[in-house]
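A.B. asks: Questions regarding the structure given below will be posed in turn.
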Amino acid sequence: MVISAGRIVEIAVSKALQQLLEAAKKAEPSPAQREEQRRSFAYGNTAFENKLITREMIDRQAAIIARERDEQLKQ
């Protein structure tokens, strides 16, 4: 069986990638990371449809929603 240098690199990269994927499956994002991802998702999906949407608008709306949620939890 002959394995080329390119194939050896491919196998090594595949193994490294597999290890990274396994580590990613076990990773738990912090609440701040989850919020950042949520806002990024909202921006990406809304800005795609409406070029007038800005990240600042998303941040402003997220703050309003958070305040409303906090107020409801206090009641």
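The values are calculated or read from the model by the stated rules, or taken from the named source; none is laboratory data. Note that the structure is a prediction, hence the values are computed from the model and not measured. Don't worry about glycine lacking a Cβ; one is built from the backbone with ideal geometry, like all the others, and counts go over all protein chains shown. In case anyone asks, the SASA skips ligands and DNA or RNA and just uses the protein heavy atoms, side chains included. Shrake-Rupley method; radii C 1.70, N 1.55, O 1.52, S 1.80 Å.
A.B. asks: Before I look further, what does the chain give for accessible area per residue, probe 1.4 Å, in whole square angstrom? List each step's numbers first, then the result.
C.D. replies: On the way: 6960 Å² over 75 residues.
Normalised by residue count, the accessible surface of the chain is 93 Å².
A.B. asks: Segment 18-51: which GluC sites (Glu not before Pro) are DSSP loop and have at most 12 other beta-carbon atoms within 10 angstrom? It would help to have the intermediate numbers written out before the result.
C.D. replies: Details: sites: Glu22, Glu35, Glu36, Glu49; in loops: none.
Loop-located and lightly packed - none at all.
A.B. asks: Given the rule -39500 (n - 2.57) for each run of at least 4 DSSP H residues, summed and divided by the residues of the chain, what is its mean residue ellipticity at 222 nm, to the nearest 500 deg cm²/dmol? Write down the numbers at each step before the final one.
C.D. replies: Values: 3 runs with 61 residues, N = 75.
One gets -28000 deg cm²/dmol as the mean residue ellipticity at 222 nm.
A.B. asks: Less than 20 Å apart at the alpha-carbon level, and either on another chain or at least 8 residues along: which aspartates and glutamates does that give for Lys26?
C.D. replies: By straight Cα distance, Lys26 reaches Glu35, Glu36.
A.B. asks: To continue, here is another question. With volume of the Cα convex hull per residue in Å³ defined as stated, name the option among (1) 90; (2) 60; (3) 156 computed from the structure displayed.
C.D. replies: Only one option fits the structure, namely (3).
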